[in-house]
């Protein structure tokens with residue numbers, strides 16, 4: 001039955017915004033020096049003909065979504081091609097409901113078929129993975145949530161229950177067999193922090209190529225007024241939380257890196273560390289040996305290690321590695337593996353204890369994974385995809401409402417701070433970390449609170465436009 005609060009997508013516009021990094025970001029086997037951000041404008045309509053627009057954006061982070069021996073450009077072209085095709089499919093998707101209901105239906109009914117079609121048409125033998133499809137879809141899903149809130153003149157987070165949602169979480173989620181959990185009569189807002197937090201501890205990312213101190217400088221670093229070494233970042237931003245990218249293929253290098261960052265953290269009065277192996281480890285013993293050595297040789301640094309992130313291959317269904325021995329030592333968080341709540345359920349069975357949420361896998365999917373994980377006692381984190389510009393705002397809002405283990409990862413200001421200058425003029429606390437925190441106080445108004453009409457952002461020519469574009473923007 002249709003409700004007066006239901007919306008349906010009627011038009012999309014796709015923009016591609018190229019961004020260059022000021023320093024390279026190495027994670028896993030690849031290095032990122034530039035990225036294309038997909039920005040989407042979506043128009044929705046309700047049953048009375050009222051319209052509103054919404055905006056969504058996410059980096060098409062080729063190396064993260066599609067690790068491969070294929071050339072960067074081949075993968076990059078495929079992601080952009082798929083995003084343009086999604087614009088047409090979303091504008092033609094004749095489904096009404098709350099944004100989460102429509103977004104879930106699109107992923108279940110359309111996204112997989114579109115991915116299969118793209119992979120069938122590509123000459124390469126290597127298919128584009130599901131994670132890449134989710135990231136391409138995320139900008140549309142985020143724009144849909146924003147438009148829904150804009151149409152009703154309220155924050156998207158005020159719509160995550162009745163009267164806007166007609167179906168409770170039992171329509172989407174199933175409890176684990178060994179848990180006394182029910183989703184009957186429960187909605188996303190029942191699992192969210194309210195009121196939201198307006199300041200969050202900020203996690204700083206230390207990539208594999210990032211210099212830690214002056215001794216590691218090569219002379220080729222940028223002279224652009226921003227910090228270069230970890231020591232400088234800690235001092236300027238008052239950092240308290242440091243995330244260390246590790247190789248996962250060289251245990252001695254990983255151990256030394258973790259120890260040295262820990263020593264600098266202690267010197268700079270930082271409190272917390274986490275380690276991220278980016279899916280490169282295939283055997284729990286690799287991680288266990290590092291942790292066991294650390295607790296004996298550097299117990300203080302071991303105590304600062306708040307959790308361990310995604311050491312193992314993200315395809316859990318293919319690599320069903322029992323990780324209980326790792327999570328017995330430290331909380332173990334799924335990141336790339338946590339595509340959806342069903343994989344979170346599988347991860348829990350294998351021994352994972354926490355979930356790193358990302359809006360780049362869709363706002364809808366992040367909400368459902370959040371609810372399933374919280375209901376089953378799993379700990380949450382909200383991780384970055386080096387989000388610049390508009391992408392930063394839904395990202396930090398999710399962390400503010402999720403109730404994370406500690407703050408939010410946010411590192412776009414490290415790798416491309418100039419990219420976000422128009423947005424920073426309206427939201428100064430989101431694109432610069434002060435006293436180790438980001439400040440969300442400027443986020444207010446309907447939708448995601450972008451205040452997009454106040455942001456002096458010159459967009460490039462649209463890559464594609466579909467549907468009836470008659471705008472009735474609100475907020």
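The values are calculated or read from the model by the stated rules, or taken from the named source; none is laboratory data. The structure displayed is predicted, hence computed values, not measured ones. Glycine gets a Cβ as well: all are built from the backbone with ideal geometry, and neighbour counts include every protein chain shown.
General observations
- For region 363-380, a residue qualifies if it is assigned to a helix (DSSP H, G or I) and over 13 Å from the mean Cα position of the chain (by Cα), and the qualifying residues are 368, 371, 372, 373, 374, 375.
- Comparison of 131, 144, 173 shows that the only residue that is within 22 Å of the chain's Cα centre (by Cα), surrounded by fewer than 23 Cβ atoms within 10 Å (Cβ to Cβ) and at pLDDT 95 or above is 173.
- Of all residues in region 352-362 being in contact with a helix residue (DSSP H, G or I) (Cβ under 6 Å, 6 or more places away or on another chain) and part of a loop (DSSP other than H, G, I, E, B), the one that is farthest from residue 130 (Cα to Cα): 353
- Test: residue in region 25-48 that is at negative phi, out of contact with any strand residue (DSSP E or B) (no Cβ under 8 Å at 6 or more places or on another chain) and part of a strand (DSSP E or B): yes
- Test: residue in region 229-246 that is farther than 25 Å from residue 200 by Cβ and surrounded by 15 or more Cβ atoms within 10 Å (Cβ to Cβ): no
- Residue in region 35-43 that is in contact (Cβ under 8 Å) with a residue 12 or more places away in the chain and surrounded by fewer than 21 Cβ atoms within 10 Å (Cβ to Cβ) present: yes
- Any hit, region 381-399, residues being surrounded by fewer than 21 Cβ atoms within 10 Å (Cβ to Cβ) and either in the same structural domain as residue 341 (by TED's automatic domain parsing) or not in a helix (DSSP H, G or I) (or both): no
- Tabulated pairs, region 292-319, first in the same structural domain as residue 279 (by TED's automatic domain parsing) and outside any helix (DSSP H, G or I), second modelled with pLDDT under 95 and loosely packed, with under 15 Cβ neighbours inside 10 Å, C-beta under 6 angstrom, 6+ apart or interchain: 313/319
- Every residue from region 423-459 that is in a loop (DSSP other than H, G, I, E, B), in contact with a strand residue (DSSP E or B) (Cβ under 7 Å, 6 or more places away or on another chain) and either free of Cβ contacts under 8 Å to residues at least 12 places away in the same chain or under 16 Å from residue 41 (Cα atoms) (or both): 446, 449, 450, 459
- Between 101, 108, the distinction of being in a helix (DSSP H, G or I), touching a residue at least 60 places away in the same chain (Cβ under 8 Å) and surrounded by fewer than 22 Cβ atoms within 10 Å (Cβ to Cβ) belongs to 101 only.
- Within region 235-251, the set of residues being in contact with a strand residue (DSSP E or B) (Cβ under 8 Å, 6 or more places away or on another chain) and assigned to a helix (DSSP H, G or I) comprises just one member, 237.
- Complete set of residues in region 64-80 that are out of contact with any helix residue (DSSP H, G or I) (no Cβ under 7 Å at 6 or more places or on another chain), part of a helix (DSSP H, G or I) and surrounded by fewer than 21 Cβ atoms within 10 Å (Cβ to Cβ): 73, 74, 77, 80
- On inspection, residue 430 passes the criterion of being buried (at least 24 other Cβ atoms within 10 Å of the Cβ), in the same structural domain as residue 207 (by TED's automatic domain parsing) and within 21 Å of residue 233 (Cβ to Cβ).
Conditions (1) in a helix (DSSP H, G or I); (2) on the phi < 0 side of the Ramachandran plot; (3) touching a residue at least 12 places away in the same chain (Cβ under 8 Å); (4) over 28 Å from the mean Cα position of the chain (by Cα), marked per residue:
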position	(1), (2), (3), (4)
209	no, yes, yes, no
220	no, yes, no, yes
223	no, yes, no, yes
253	yes, yes, no, no
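- When residues of region 262-281 are limited to those that are in contact with a helix residue (DSSP H, G or I) (Cβ under 7 Å, 6 or more places away or on another chain) and closer than 30 Å to residue 131 by Cβ, the one surrounded by the most Cβ atoms within 10 Å (Cβ to Cβ): 275
- Neighbours by Cβ (under 6 Å, 6+ apart or cross-chain): first from region 141-161, over 23 Å from residue 108 (Cβ atoms); second part of a helix (DSSP H, G or I): 155/149; 157/401
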